[in-house]
Amino acid sequence: MKTTPSDNNKAYWRANISLLSKLLVVWFVVSFGCGIILVDWLDQFSLFGFKLGFWFAQQGAIYVFVALIFIYAWRMKIIDRQFGVSDDEDEA
Amino acid sequence: MSTQMLTYLFVGLSFALYIGIAIWSRASSTKDFYVAGGGVHPVVNGMATAADWMSAASFISMAGIISFVGRDGSVYLLGWTGGYVLLAFLLAPYLRKFGRFTVPDFIGERYYSRAARIVAVVCLIFVSFTYVAGQMRGVGIVFSRFLEVDVSTGVIIGMAVVFMYAVLGGMKGITYTQVAQYCVLIFAYMVPAIFISIMMTDNPIPQLGFGSEVNDGSGLSVLEKLDSVLLDLGFSAYTEGSKSTIDVFAITAALMFGTAGLPHVLVRFFTVPNVSDARLSAGYALVFIAILYTTAPAVASFARLNLVDTVHNTPYAEAPEWFGNWEDTGLIAWQDKNNDGIMQYGSGAALSPTKPSFEGNTGAHGERLLNNQPTESINEVYIDRDIMVLANPEIAGLPGWVIALVAAGGVAAALSTAAGLLLVISSSISHDLLKKTLLPKITEKQELLYARIAAAAAVCIAGLFGIYPPAFVAQVVAFAFGLAAASLFPALLLGIFSKRANKEGAISGMLVGLVFTFSYIAYFKFVAPELNSAEHWLWGISPEGIGTIGMILNFVIAITVSRLTAKPPQSVQELVDNIRIPSGAKAATNH
């Protein structure tokens, strides 16, 4: 089946939104969830000598943020190519 | 060589390096000046973004604040890093695809409106100037303590250096000096942190060190020991919070969304070659930032424990040398309330009013005498939290070259941020105000000249703020984030993710967000500061966190008004379709 460029672009945009919504859920859970809302409850557990909630608030969430951006950049590169909208040729 | 000589040497060498880079990377076109030619490698841009982002506040003050507030300090750690996720997902790639020079450029084009562009310029200038004044002050503090020149001379030297590379090199000069400044500042931050971590816990990784056992045989970890020591002295436990959950939530959100809306950070993503590089570059930026931001809480806990150990119950006559050095700068003071010659440290303000005012004579033990009234509290020691990072190497007894390094790092942090801010101010004036609004007929050469003049003027105004700081600056800096979150962030986000968002919606949203947030802050900080406590706040949200509510208001109004008024024109809907697709980013820049 042939799709018009505009349908293709709409599907690409939906794929992007779906990926970034999933990653934003993780972003919210580690920072606002573990680091703020659940911090006191998590503090009963311990990790590397830290109370777990405290660790999320001052260390863990930041590591997850870094990972999230690289996962997004990597997955998006694949999605870009899949829909033929990648900027590969721009690099040449 | 003495510590003093080493400090001159390190700071002097770093300045020579920055100026050398500035001469090597002069800007020859407006594109060089505004976006460094648009061909910066994502790792290089990430490093420059990190230096741009980490200001004197991150380098000097953040660990100090965390040191004194413990877990509540997490708002800064989460807020100032989590924003990069939003930036990478929601803004940076699309703004890069849009591919012009400034943030008001995007708002002006997307909302097909000169008024929207001007509102964006006003938000940008307000946010950036409050910020830059704090940087110049930071340079002044470092100079006055480490090079023993007065604050004004320090500010003038700092201005001269920024002038050199911001005016000559524009974004191109700034990008490459920021890379050098990042290297200087991160080295200067990590070396003492690693030393202290080894000294206290035998663990060379500070990020793990503050959860490890203290090597004094007590069998307690650093945080456990800190909790118990602080509880003994009448403080609350370090690892427990005292702010309400809703307030911590609101402040963190305001800082995160504010970060994503800050023009001097956003504009860095206009400098990379294409869209996928913009995504990656945000990741690299956060890696470079996270190195410092995950070390800061470790430094904070080490420093607090060290401080209590060194100061509490120590006779003043036996106090280490650094105590006297910092007393000379007015950032530490001791008032012998019980006349025993021994310093007692505890919870509560030591002095009334809180900040020391010295009467000019020295007392029985050699301490500087104070005009302040003693308070009821048994605490006799005033400590300004800004010194925790700067004095940390001295408190831990590290060698002179480490102390000199920290001085060079503090200056690098302040200068790199100041330069980035000055650039967005000058380009919004020369590009958005002059070229796009008032004098559309000027040639590129003339625009470049105006950009340089605007940068020079901005440096001078920033310097004046540094020398004669208006009393409100220190308080306002933290609010720049709330204002950015409540004004620019929603307009940018809707501009990309909603084709229905139109100029009526964007302008009313920005104005309502800005006015609401600004009024709330002004009311509690300037109009009725005596009411500034949780029971008077809206839903228990402090002025620091109110930007989050301002942002929600902005979104609600922008969406509602957009629905009730005409759709944006076809050309704008096509623009939105175009920026959502990565391909063709290079072509878009060469318009």
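The values are calculated or read from the model by the stated rules, or taken from the named source; none is laboratory data. Not measured: the values here are computed from a predicted model. Glycine gets a Cβ as well: all are built from the backbone with ideal geometry, and neighbour counts include every protein chain shown.
Sort out which residues of the range B:137-162 are in contact with a Phe, Trp or Tyr (Cβ under 6 Å, 6 or more places away or on another chain), in a helix (DSSP H, G or I) and under 21 Å from B:A391 (Cβ atoms), and write them in order of number. Matches in the range B:137-162: B:G154 only.
Please specify each residue of the range B:4-22 satisfying the condition of being more than 15 Å from B:G154 (Cα to Cα), out of contact with any helix residue (DSSP H, G or I) (no Cβ under 7 Å at 6 or more places or on another chain) and not aliphatic (A, V, I, L, M). Passing the criteria: B:Q4, B:G20.
Let's see how each residue does on (1) within 13 Å of another protein chain (Cβ to nearest Cβ); (2) surrounded by fewer than 24 Cβ atoms within 10 Å (Cβ to Cβ); (3) more than 15 Å from B:G83 (Cα to Cα):
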| site | (1), (2), (3) |
| --- | --- |
| B:I246 | yes, yes, yes |
| B:T252 | yes, no, no |
| B:L255 | yes, no, no |
| B:G258 | no, no, no |
| B:P263 | no, no, no |
| B:F269 | yes, no, no |
| B:N274 | yes, no, yes |
| B:D277 | yes, no, yes |
| B:A285 | yes, no, no |
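Would you confirm, using the coordinates I've provided, whether B:Y18 is at pLDDT below 80 and touching a Ser or Thr at 6+ places or on another chain (Cβ under 7 Å)? The answer is no for B:Y18. Listed conditions (1) exposed (fewer than 15 other Cβ atoms within 10 Å of the Cβ); (2) within 23 Å of B:A290 (Cα to Cα); (3) touching a strand residue (DSSP E or B) at 6+ places or on another chain (Cβ under 9 Å) are all met by A:Q44, apart from (2). Answer with yes or no whether A:A61 is surrounded by fewer than 22 Cβ atoms within 10 Å (Cβ to Cβ) and free of Cβ contacts under 8 Å to residues at least 40 places away in the same chain. When the stated conditions are applied, A:A61 does not pass them. Can you tell me which of B:I60, B:I23, B:I65 is touching a Lys or Arg at 6+ places or on another chain (Cβ under 8 Å) and over 17 Å from B:C183 (Cβ atoms)? Result of the check over B:I60, B:I23, B:I65: B:I65.
Go through the residues of the range B:301-322 one by one and say whether even a single one is surrounded by 24 or more Cβ atoms within 10 Å (Cβ to Cβ), within 14 Å of another protein chain (Cβ to nearest Cβ), over 30 Å from B:L492 (Cα atoms) and of a type in the set (S, T, Y). Yes, the range B:301-322 has at least one match. Within the range B:349-364, identify whether any single residue is in contact (Cβ under 8 Å) with a residue 40 or more places away in the chain and surrounded by fewer than 20 Cβ atoms within 10 Å (Cβ to Cβ), and answer yes or no. Checked against the condition, which is being in contact (Cβ under 8 Å) with a residue 40 or more places away in the chain and surrounded by fewer than 20 Cβ atoms within 10 Å (Cβ to Cβ), the range B:349-364 yields no hits at all. Just one of the listed residues (B:H365, B:H431) is over 25 Å from the mean Cα position of the chain (by Cα) and either not in a helix (DSSP H, G or I) or not assigned by TED's automatic domain parsing to the domain that holds B:A50 (or both), and it is B:H365. Just one of the listed residues (B:Y382, B:Y345) is assigned to a loop (DSSP other than H, G, I, E, B) and among the aromatic types (F, W, Y), namely B:Y345.
When A:F83 is tested against the conditions (1) surrounded by 15 or more Cβ atoms within 10 Å (Cβ to Cβ); (2) within 17 Å of the chain's Cα centre (by Cα); (3) modelled with pLDDT of 80 or more, the lone failure is (2). When the test is whether a residue is away from every other protein chain (no Cβ under 11 Å), in a helix (DSSP H, G or I), over 21 Å from the mean Cα position of the chain (by Cα) and of a type outside the set (S, T, N, Q), B:V229 passes it. Of everything listed in (1) among the aromatic types (F, W, Y); (2) touching a helix residue (DSSP H, G or I) at 6+ places or on another chain (Cβ under 7 Å); (3) at the interface with chain B (Cβ under 9 Å from one of its Cβ atoms), the single unmet condition for A:F45 is (3). Remark: B:D72 falls outside the filter, which requires a residue to be in the same structural domain as B:K445 (by TED's automatic domain parsing), under 25 Å from B:M171 (Cα atoms) and out of contact with any strand residue (DSSP E or B) (no Cβ under 9 Å at 6 or more places or on another chain).
If the condition is being hydrophobic (A, V, I, L, M, F, W, C) and surrounded by fewer than 18 Cβ atoms within 10 Å (Cβ to Cβ), then the range B:485-526 contributes B:F497, B:L511, B:V515, B:A522, B:F526. If the condition is being touching a helix residue (DSSP H, G or I) at 6+ places or on another chain (Cβ under 7 Å), among the acidic types (D, E) and farther than 30 Å from B:I251 by Cα, then the range B:534-588 contributes only B:D577. Reported count of residues in the range B:194-213, each being in a helix (DSSP H, G or I), facing chain A (nearest Cβ under 10 Å) and touching a residue at least 60 places away in the same chain (Cβ under 8 Å), is 2. You will find that of A:I78, A:I69, A:I62, the residue that is more than 8 Å from chain B (Cβ to nearest Cβ), among the aliphatic types (A, V, I, L, M) and assigned to a helix (DSSP H, G or I) is A:I78 and no other. Within the option set B:Y76, B:Y176, B:Y165, B:Y131, being out of contact with any Lys or Arg (no Cβ under 6 Å at 6 or more places or on another chain), surrounded by fewer than 24 Cβ atoms within 10 Å (Cβ to Cβ), aromatic (F, W, Y) and assigned to a helix (DSSP H, G or I) holds for one residue only, B:Y176. Counting residues in the range A:1-17 that are within 9 Å of chain B (Cβ to nearest Cβ), within 30 Å of B:P206 (Cβ to Cβ), part of a helix (DSSP H, G or I) and not β-branched (V, I, T) gives zero.
Scanning the range B:529-570 for residues that are surrounded by 15 or more Cβ atoms within 10 Å (Cβ to Cβ), hydroxyl-bearing (S, T, Y) and in a helix (DSSP H, G or I) turns up B:T548, B:S562.
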